[in-house]
Amino acid sequence: MRLIIPVVAAMAMCACGVSPEVRVDESKGIPPVKGTTEVQLGTLNCGMPITSGDVTVQTKVVAGGCELSFDRDVQVLKAEDYTNIPDLKAATALVQRIELTVKRLAFTDGATNMSLDLATRVTSAQLSVNGQLVAEKESLTSLPKTVTLSGAALEQMKSKIDARQPASVKTRVVLVLPAMPPPPQRLIIDYDSQPAIILGAKAPTFF
């Protein structure tokens, strides 16, 4: 009888969908989603693309000034991470959710090394990850903030991790600079966010 009780308890937990969660974050080797792009604006010809290293910054005229936007792929997990990170080894560990702590989204005048005044030098700003908005101008003064990826933004990573495949995210920065005061000659854009992967064990089937 004593041997049956733990088994019955375990079955009851599984029947209720209760499973322990494991948090895999920077303390266990998950790298940040970060990047720095320096854009030579010079005499900005809004509407023409600007090449900055391996990044192409698209520009277009919009209400409120000139919009600058660019995408970048950032690797979160390599194939070997599923062996090197102990919590990712278990074949039954499935992604329950992915949290992203946005630590920084900053815009700097490269000539003076001074941050752009958000009130006068930046009309709007957005950072998206896999198509989900995670930070905007209004939230930049209250970072860090943590958001939970959902919908397609979550599924793009979840499917890769559940299949134990390399996983990346696509970041997109969209920034609008007013015509006056004039944009800086050199603009430095950098962002830093830390993902956390929350895993839950798949309940065994007894029937």
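Identify, from the list L177, L199, L187, the residue that is closer than 25 Å to P20 by Cβ and not hydroxyl-bearing (S, T, Y). Let's see the steps before the verdict.
Working: L177 fails: closer than 25 Å to P20 by Cβ; L187 fails: closer than 25 Å to P20 by Cβ.
Just a single option satisfies the conditions, and that option is L199.
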Open item on the list: Residue pairs, Cβ under 6 Å, 6 or more apart or interchain, first in the stretch 85-104 and over 18 Å from S168 (Cβ atoms), second at pLDDT below 90 and in a loop (DSSP other than H, G, I, E, B). List them.
Closed with: T92/K202; L94/K202
TODO: Could you tell me whether any residue of the stretch 125-139 is surrounded by fewer than 18 Cβ atoms within 10 Å (Cβ to Cβ), touching a Pro at 6+ places or on another chain (Cβ under 8 Å), at pLDDT 95 or above and more than 25 Å from K28 (Cα to Cα)?
DONE: no
TODO: Could you list, in sequence order, all residues of the stretch 183-207 that are at pLDDT 65 or above and part of a loop (DSSP other than H, G, I, E, B)?
DONE: P183, P184, Q185
TODO: With the checklist (1) exposed (fewer than 15 other Cβ atoms within 10 Å of the Cβ); (2) closer than 16 Å to L41 by Cβ; (3) among the basic types (K, R) in hand, flag the one item R121 doesn't pass.
DONE: (1)
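Report, by residue number, each residue of the stretch 77-114 that is closer than 24 Å to G65 by Cα, in contact with a strand residue (DSSP E or B) (Cβ under 9 Å, 6 or more places away or on another chain) and surrounded by fewer than 14 Cβ atoms within 10 Å (Cβ to Cβ).
Residues of the stretch 77-114 closer than 24 Å to G65 by Cα: 104-114.
Keeping just the survivors that are in contact with a strand residue (DSSP E or B) (Cβ under 9 Å, 6 or more places away or on another chain) gives 104-111, 113-114.
Across the stretch 77-114, the qualifying residues are A111, N113, M114.
Yes or no: S27 assigned to a helix (DSSP H, G or I) and without any contact (Cβ under 8 Å) to a residue 60 or more places away in the chain? So that I can check it myself, show each step before the final result.
Working: assigned to a helix (DSSP H, G or I): yes; without any contact (Cβ under 8 Å) to a residue 60 or more places away in the chain: yes.
When the stated conditions are applied, S27 passes them.
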Task: E155, sole failed condition from (1) part of a strand (DSSP E or B); (2) under 15 Å from the mean Cα position of the chain (by Cα); (3) surrounded by fewer than 18 Cβ atoms within 10 Å (Cβ to Cβ) - done: (1)
Open item on the list: Which of the strands (runs of 3 or more DSSP E) found entirely inside the stretch 45-121 contain at least 1 residues meeting this: modelled with pLDDT of 95 or more and closer than 24 Å to G131 by Cβ?
Closed with: 55-62, 65-77, 93-109
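Scan the stretch 30-44 for residues that are out of contact with any Asp or Glu (no Cβ under 6 Å at 6 or more places or on another chain) and assigned to a loop (DSSP other than H, G, I, E, B) and jot them down.
The first filter runs over the stretch 30-44 and keeps only residues out of contact with any Asp or Glu (no Cβ under 6 Å at 6 or more places or on another chain), leaving 30-31, 33, 35, 37-44.
Those that are out of contact with any Asp or Glu (no Cβ under 6 Å at 6 or more places or on another chain) and assigned to a loop (DSSP other than H, G, I, E, B): I30, P31, L41, G42, T43, L44.
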Open item on the list: For R164, only one of the following conditions fails: (1) touching a Ser or Thr at 6+ places or on another chain (Cβ under 8 Å); (2) at pLDDT below 95. What is its number?
Closed with: (1)
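The values are calculated or read from the model by the stated rules, or taken from the named source; none is laboratory data. Computed from a predicted structure; not experimentally measured. Glycine gets a Cβ as well: all are built from the backbone with ideal geometry, and neighbour counts include every protein chain shown.
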